[in-house]
Amino acid sequence: MKVDKRTRARQLAIQSLYQLDVQGPELFQRPTDEFFMDADSDNFVRKLALDWTKGTWEHLPQCDELISSSTIKWQFSRLSPVDKSILRLAVYQLKFCPDIPPKVVINEAIELAKMFSTDRSGAFVNGVLDAVLRRLRAENQKA
């Protein structure tokens, strides 16, 4: 089955974010570029994955704060690195990529959680992202 280019870029971005989280930011530029080159031959997919990875990593404190404040009864430090990577990318896209409809961001994140994480991660990711989206909409109404 052929995977949509944006879906593939999201897969690569969360894999890269996972690597950055686990191995540290010194991995960022050269190894990240090499990872994308090895992982996919499509220039559009590689560029989009790199853009989303860089954007997420540059806005990490804001993304992590939104995730932390939206996880009820769950400490941010207890999140699995996979779920954290999925949530970080989705929160970045919800907050900083107005060209991507929120419903698409959330649906893609749920599918990534089902693919790369546990059976319950899809529902968890959905709940957290719904809370993040409500918070972002409330902030936008105040502005």
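The values are calculated or read from the model by the stated rules, or taken from the named source; none is laboratory data. All of these numbers come straight from a predicted model, not from anything done at the bench. So basically every Cβ, Gly included, is an ideal-geometry build from the backbone, and we count neighbours across all protein chains shown.
Exactly one condition in (1) out of contact with any Gly (no Cβ under 7 Å at 6 or more places or on another chain); (2) farther than 13 Å from Leu17 by Cα; (3) not basic (Lys, Arg) is not met by Phe96; state its number. Single failed check for Phe96: (1). Are any residues in segment 68-107 of a type in the set (Gly, Ala, Ser) and within 11 Å of the chain's Cα centre (by Cα), and if so, which ones? Result: Ser85, Ala90. With respect to the stated conditions, Leu48 fails to be touching an Asp or Glu at 6+ places or on another chain (Cβ under 8 Å), at pLDDT 90 or above, more than 18 Å from Val132 (Cα to Cα) and not β-branched (Val, Ile, Thr). Using the structure shown, decide if Arg88 is of a type in the set (Lys, Arg), buried (at least 16 other Cβ atoms within 10 Å of the Cβ), touching a helix residue (DSSP H, G or I) at 6+ places or on another chain (Cβ under 8 Å) and under 25 Å from Asn140 (Cβ atoms). Criteria met by Arg88.
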